[in-house]
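Enquirer: Dropping a structure here in C-alpha cells format, bear with me for questions.
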Amino acid sequence: MKTPARPPVVAETSSVGEWLQRALVEGLSPWVAGAQGEYRSWETFRFQTPPEGFAIDEWWHVVRTSRRASARRIPGLVDKAGVPFPFNLPDPVLEACDEIARDASGQIRVSELVTDPDTRDRFVVNSLIEEAITSSQLEGAATSRRDAKAVIREGRPPAITVRG
C-alpha cells in the first residue's frame, strides 16, 4: 500500500496568522468553505489550483486552520498517544445523515395477514412455537423442526433419550 504524502509543516505560527488575515481580506472564505464541503485530504488537496496570490501550502494551512476551528471533540475520545481526537462533520456527511433519517422513518410495513384479527392469532401461535423449538435446540434438544412442531401440535410429551 502506498503511504500518503505528508502535509507541509508551518515553522512559524505567525505566518499562519498572516495567511488567515490575507484570506479574510482577499476573500478566500468561499475557497475555504468549498474545501470544507469536499473535505479533501492533503493527498488530493495538493493537486488543486490555489486561489490567485496563494501558494498551495498557504491555502492548505488556511483550510486546516478553518477545519480545526470547527472541529468537535468528545471528552474521552483520544488517540493512541492520549491526545484528544477532534472530528469534523462536513456538509456532505450532515446531508447524508438527514437523508437517511428522512427516508428511513415510517417505512416499516406489515402484511395485512398479520394485522387482520382473523389470521393474527395463527401468526402469534406459529411465532411462539418457533421460539419454543429454538430455545429447546439451544438447550441441547436433538430434533428437527418438523418433528418438534408435530410433537407440539399433537400435544404429545417429548421423547427423552438419555445418552451416557
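The values are calculated or read from the model by the stated rules, or taken from the named source; none is laboratory data. None of the values given here were measured: they were computed from a predicted structure. Every residue, glycine as well, gets a Cβ built from its backbone with ideal geometry; the counts of neighbours run over all protein chains shown.
Enquirer: Quick one: in segment 60-113, of everything that is under 30 Å from residue 47 (Cβ atoms) and among the β-branched types (Val, Ile, Thr), which residue is modelled with the highest pLDDT?
Expert: 83
Enquirer: Among residues belonging to segment 9-58 that are modelled with pLDDT of 70 or more and among the acidic types (Asp, Glu), point out the one that is surrounded by the fewest Cβ atoms within 10 Å (Cβ to Cβ).
Expert: Of everything passing the filter in segment 9-58, 52 is surrounded by the fewest Cβ atoms within 10 Å (Cβ to Cβ).
Residue by residue, here is whether (1) farther than 30 Å from residue 64 by Cα; (2) exposed (fewer than 12 other Cβ atoms within 10 Å of the Cβ); (3) polar (S, T, N, Q); (4) in contact (Cβ under 8 Å) with a residue 40 or more places away in the chain holds:
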| position | (1), (2), (3), (4) |
| --- | --- |
| 75 | no, yes, no, no |
| 78 | no, no, no, no |
| 99 | no, yes, no, no |
| 130 | yes, no, no, no |
| 141 | yes, no, no, no |
